[in-house]
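The values are calculated or read from the model by the stated rules, or taken from the named source; none is laboratory data. Everything numeric in this text was worked out from a predicted model, so none of it was measured. Here Cβ is always computed from backbone atoms with ideal geometry, including for glycine, and neighbour counts include all displayed protein chains. Keep in mind that these areas ignore ligands, DNA and RNA; they rest on the heavy atoms of the full protein, side chains included. Shrake-Rupley method; radii C 1.70, N 1.55, O 1.52, S 1.80 Å.
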Amino acid sequence: MVSTDPSPAPSIGTASPVPDEISTFALADLAGDPGWRRPVLVERELLILTTRGHGDAELDFHRLPCRPGTLLRVRVGQVLRCAGPQFDATVVGWTTGALDGLAVDPDAPQTWRQLAGEDEDAVINEVSQLAVDCQRHGAGPAGRALLRHQLAVLLLRLSLPGAPGSGHRPEVETFQRFCREVEHGYQVTRRVEDYAAALGCSVRTLTRACLAETGRSAKQVIDERVALQAARLLAASDHPIAQIGRELGFSEPTNFGRFFTREIGVSPGAFRAARDQPHAGRVVRPRPALEPTGANGGRFRSGTSADPTNGGHATRSGMPGGSGGGTGRA
């Protein structure tokens, strides 16, 4: 396992008080505490390559098996925990703007992938070389350019197998655009009409695309993204529950409590109380929206958020269970 700094990082995804634009370090450096008692809120873009042992990682409350050759793509804003890790991994971390100007899509790699054969050898070699060059050439313009291009090559390699032929269907494009808009605007509006207007399509078109891709309505996709963010903050921060509700657009704590209970199946307080317990299964049902690709652009303004607690779709039974949480940040 490779680490550019022998001491644990002070905050998740960094190897020094002033994080480098691109760095490599050990899996243990990500933990908010030595035993991963709670998950951490990731603040850098990450690739995690398992190098030894077997175990499970929890990413946004989903359990992902890890063994040598397992690669995880972890994005800013997600929550991560490797409780009682029985595996080692090398982590590549980078800031959001590290790849600006390079023709690479950092979101193309799959969230979980088991490498094998020549693919595994190539990725291991590239990660190892990146780690060596982070230590030897991290400073200076030439070293920075070298690391940026090495990271771009690694991400391009990981994106090669993932070009689904179904991506040309109109529903797929509409759904992907919708997810990006939701990522930008879920904190200020949960009205499907607002997103349809931003995308220049009808509510019916938006709902049809969501049903085709997820089996759920556009309103459900929006509400599930809000619920996921609420679960992240309840698990990985000590912010008061009422404050979390306000951050997500709920003017009254009771409205937030009813919304969260409907979406997750337990109250915000019960969810937070269980965060130190081992994860017993999938807690949050939402399909995570696509990660953001840019700023809001002013489409949604503060004060326009909707505050209803049901939004017109049927109550869904939740999946209670320990979520893990904490004050660590990645």
- Flag for ARG144 being in contact (Cβ under 8 Å) with a residue 24 or more places away in the chain and either over 23 Å from the mean Cα position of the chain (by Cα) or part of a loop (DSSP other than H, G, I, E, B) (or both): yes
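State all residues of the stretch 172-208 that are more than 24 Å from LEU248 (Cβ to Cβ) and crowded, with 19+ Cβ neighbours inside 10 Å; if no residue qualifies, say none. Full working, then the answer.
From the stretch 172-208, those more than 24 Å from LEU248 (Cβ to Cβ) are 172-174, 200-202, 204-205, 208; that's our starting set.
Selection gives THR174 alone.
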- Message: Looking at the stretch 61-70 only, could you name the residues that are open to solvent by less than 20 Å² (accessible area, probe 1.4 Å) and either out of contact with any helix residue (DSSP H, G or I) (no Cβ under 9 Å at 6 or more places or on another chain) or under 19 Å from VAL92 (Cα atoms) (or both)?
- Response: CYS66, GLY69, THR70
- Scan the stretch 228-266 residue by residue and report those that are touching a residue at least 60 places away in the same chain (Cβ under 8 Å), open to solvent by 10 Å² or more (accessible area, probe 1.4 Å) and over 17 Å from GLN187 (Cβ atoms). ASP238
- Considering each of VAL76, VAL42 in turn, give the residue that is touching a residue at least 40 places away in the same chain (Cβ under 8 Å), under 25 Å from ASP133 (Cβ atoms), open to solvent by 20 Å² or more (accessible area, probe 1.4 Å) and aliphatic (A, V, I, L, M). VAL76
- Message: Go through the stretch 114-132 and report how many residues are under 24 Å from VAL42 (Cα atoms), touching a Gly at 6+ places or on another chain (Cβ under 9 Å) and not hydrophobic (A, V, I, L, M, F, W, C).
- Response: 1
- Query: Mind checking which pairs have a first residue in the stretch 85-106 that is open to solvent by 50 Å² or more (accessible area, probe 1.4 Å) and a second that is among the polar types (S, T, N, Q) and modelled with pLDDT under 95, Cβ under 9 Å, 6 or more apart or different chains?
  - Reply: ASP105/SER159; ASP105/THR293
- Taking the condition over 30 Å from VAL127 (Cα atoms), assigned to a helix (DSSP H, G or I) and modelled with pLDDT of 95 or more, does ALA152 pass? no
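Out of VAL18, VAL42, which single residue is of a type in the set (A, V, I, L, M, F, W, C) and modelled with pLDDT under 90?
Numbers: VAL42 fails: modelled with pLDDT under 90.
None of the others qualify; the one that does is VAL18.
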